[in-house]
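Below: the structure, in structure tokens.
The values are calculated or read from the model by the stated rules, or taken from the named source; none is laboratory data. No experiment lies behind these values; they were computed from the predicted model shown. With ideal geometry, Cβ positions are generated from the backbone for all residues, glycine too; neighbour counts draw on all protein chains shown.
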Amino acid sequence: MTIRQLSETVINQIAAGEVIERPASVVKELVENALDAGATRVEIVTAGGGLNLIRVVDDGSGIAASDLPLAVARHCTSKLSDDIHDIRSLGFRGEALPSIGSVARLTIRSRTADATEAMEIVVEGGRIAGPRPAAANAGTQVEVRDLFFATPARLKFMKGERAESTAISDVVKRIAVAFPTVRFTLTGADRTRLELAAEADDEVGRLHRLAKVLGDEFPKNALAIDAMREGVRLTGQVSIPSFTRANALQQYAYVNGRPVRDRQIAAAIRAAYADVLPRDRHALAALFFSLDPALVDVNVHPAKADVRFRDPGLVRGLVIGSIRQALANAGMRPATSGTAGMLAAFRTGGTPAGRDGTETFHRSFDTSRFWPSGSYDIARSPSRPLANGFGETRQAVFEHATLPSADARADVIDAPEELRRTPLGAARAQVHENYIVAQTEDSLVIVDQHAAHERLVYEALKEAIHSRPLPAQMLLLPEIVDLPEEDAERLASHAETLARFGLGLERFGPGAVAVRETPAMLGETNVQALVRDLADEIAETDTAETLKRRLDQIAATMACHGSVRSGRRLRPEEMNALLREMEATPGSGTCNHGRPTYIELKLADIERLFGRR
């Protein structure tokens, strides 16, 4: 076949297939350009899910008239120096604008601060017109209409307007988290308005921006992260174990300000929460990595969503270690969602709630149910007061002076003042032979005794397991496991770590390992499957966590069967001892299965339930 040079239009359309996947990809590229230009205000307008219209307006530095033709030419950029590894901007490839112009109708209007007038350039299906004078404020306005009109086959792969609008909103939110000082607005006929006001460039400002993106409850249920290891700094916020979501969509990661979707970071977050979350729940997180650009490759994919760290093991260890340290330092932190659920459980059905999630008593009390229309006559009211106060003298029971008017109290345990000042307070009672009711200075605490003790036993077993080498059982005959050469080499390089967990193996020829010992705790186990799982995990993450997880699962099972069972009556000193041990044990806010071990109801919330606030 004859080799020929492709036309510039075809080359741009091929690049567009890599860079421009859907309307959200266009929004991402244009917003990143605005931020690289130093914008403090970014306005996005869409129509038809972004397929009909995308307009991005910023107040950045603008594009000089002489640079406008270069802005829509391939491989032209102002964001990259001669050192390709020193990338300090969000965009750098110089492909976004020409790629968009090859598949859509693109208009760019821009004016620099010192220019007397704005200039405009138009690209339609790869054909360029301009530059020509135009009217515009300082900054840049990029308008994209009829996306993919030049490549209509791509339209068949687009989802509905709602799905595309949701994807655009997610992109804007994801970028906005990293730039709290920038004001973002997203509007359009096909979506509700999203407005993120500019915040202060400090911890409070970042939390306010996270509250707008992740929900108002996130800051109340978040833990701060700040750690550094070998030149890599990690900051951000992660949720406490009892505050979770059903998916991982609200886990945001940033590398030098660039939003990324990295599988290793996501896996590290899962590993950090492995002992405290149910399998079908996910933590919320916003993690920011700051490191030398030479230590990370951001040029892995044209869309710039993936990155490759020079030392992925370092990053993984930093994420896991810093999150676990934050969880350990957090102490007792109940989720506010647990309090909200408890309040909802106490409400009667059909009672409206206020905007803050609590009952609005004066609105919910409908007097028309009791007082019909017309004048009110107290003499005819069935609820009129009796002649003699409450009428106690008319009841025979009150003739006995030794009896109180009403007494339905259960046995109550004394609550010393010093215990009420502790996080979980002083035990006051045990109800249904499983729930400990405790009192603090300003709240009521209900503890699931079985779940709480299960976590305490589990943590003690883990400490015993991982603080020293585990006992191993010698196999009568070594088990030979055939593996690819590279897998055998990886296992051999981790042999010392595996030996600490009771798994003894060594190389056996070019493509096999010989297993001579297995952990005694595992009992009879499928050695072949275990070794192959370990090889796969080491290949993916360079760690041997599979064996550790299996041992932890055994510890969890032992803890479940060895903990205080539901139905066992506890003495007051036993209840208080359990509460004090919970306060001293990291992660005791959830059991091994991720369920909460206690719920706290503030006195102020109780007063709202009774209409006192």
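General remarks:
- Residue within the stretch 281-303 that is in a helix (DSSP H, G or I), within 21 Å of ASP226 (Cβ to Cβ) and at pLDDT 85 or above present: no
- Within the stretch 429-444, being closer than 13 Å to LEU578 by Cα and in a strand (DSSP E or B) holds for GLN430, TYR435, ILE436, VAL437, ALA438.
- The set of residues in the stretch 480-536 being under 26 Å from SER467 (Cβ atoms) and aromatic (Phe, Trp, Tyr) consists of PHE501 alone.
- Among (1) modelled with pLDDT of 85 or more; (2) surrounded by fewer than 18 Cβ atoms within 10 Å (Cβ to Cβ), the one test that MET558 misses: (1)
- Taking each residue of the stretch 590-601 that is over 11 Å from ALA438 (Cα atoms) and looking for partners that are assigned to a strand (DSSP E or B) and of a type in the set (D, E, K, R) with beta-carbon atoms closer than 9 Å, six or more apart or interchain, yields CYS591/ASP448; ARG595/ASP448; PRO596/ASP448; THR597/ASP448.
- The residues of the stretch 453-490 that are over 17 Å from PHE501 (Cβ atoms), charged (D, E, K, R) and without any contact (Cβ under 8 Å) to a residue 40 or more places away in the chain, listed by number, are ASP482, GLU485, GLU489.
- Filtered residue count, the stretch 462-491, keeping only those that are over 17 Å from ALA535 (Cβ atoms) and assigned to a helix (DSSP H, G or I): 5
- Between ALA65, ALA15, the distinction of being at pLDDT 70 or above and crowded, with 17+ Cβ neighbours inside 10 Å belongs to ALA65 only.
- Residue within the stretch 448-461 that is assigned to a loop (DSSP other than H, G, I, E, B) and at pLDDT 85 or above present: no
- Applying the set (1) over 16 Å from ARG324 (Cα atoms); (2) part of a strand (DSSP E or B) to GLN264 leaves exactly one unmet item: (2).
- Of all the listed residues (ASP202, ASP226), the sole one being modelled with pLDDT of 90 or more, more than 23 Å from LYS28 (Cα to Cα) and among the charged types (D, E, K, R) is ASP226.
- Selected residue (criterion: farthest from GLN325 (Cα to Cα)) from residues of the stretch 200-228 that are touching a strand residue (DSSP E or B) at 6+ places or on another chain (Cβ under 9 Å) and small (Gly, Ala, Ser): ALA222
- 2 or more residues in the same structural domain as LEU68 (by TED's automatic domain parsing), basic (Lys, Arg) and farther than 20 Å from LEU51 by Cβ: qualifying strands (runs of 3 or more DSSP E) within the stretch 113-201: 127-134
- Within the set GLY236, GLY231, the sole residue that is in contact (Cβ under 8 Å) with a residue 12 or more places away in the chain, out of contact with any strand residue (DSSP E or B) (no Cβ under 7 Å at 6 or more places or on another chain) and outside the structural domain of GLY38 (by TED's automatic domain parsing) turns out to be GLY231.
- Any hit, the stretch 386-393, residues being over 20 Å from LEU579 (Cα atoms), of a type in the set (Phe, Trp, Tyr) and modelled with pLDDT under 85: yes
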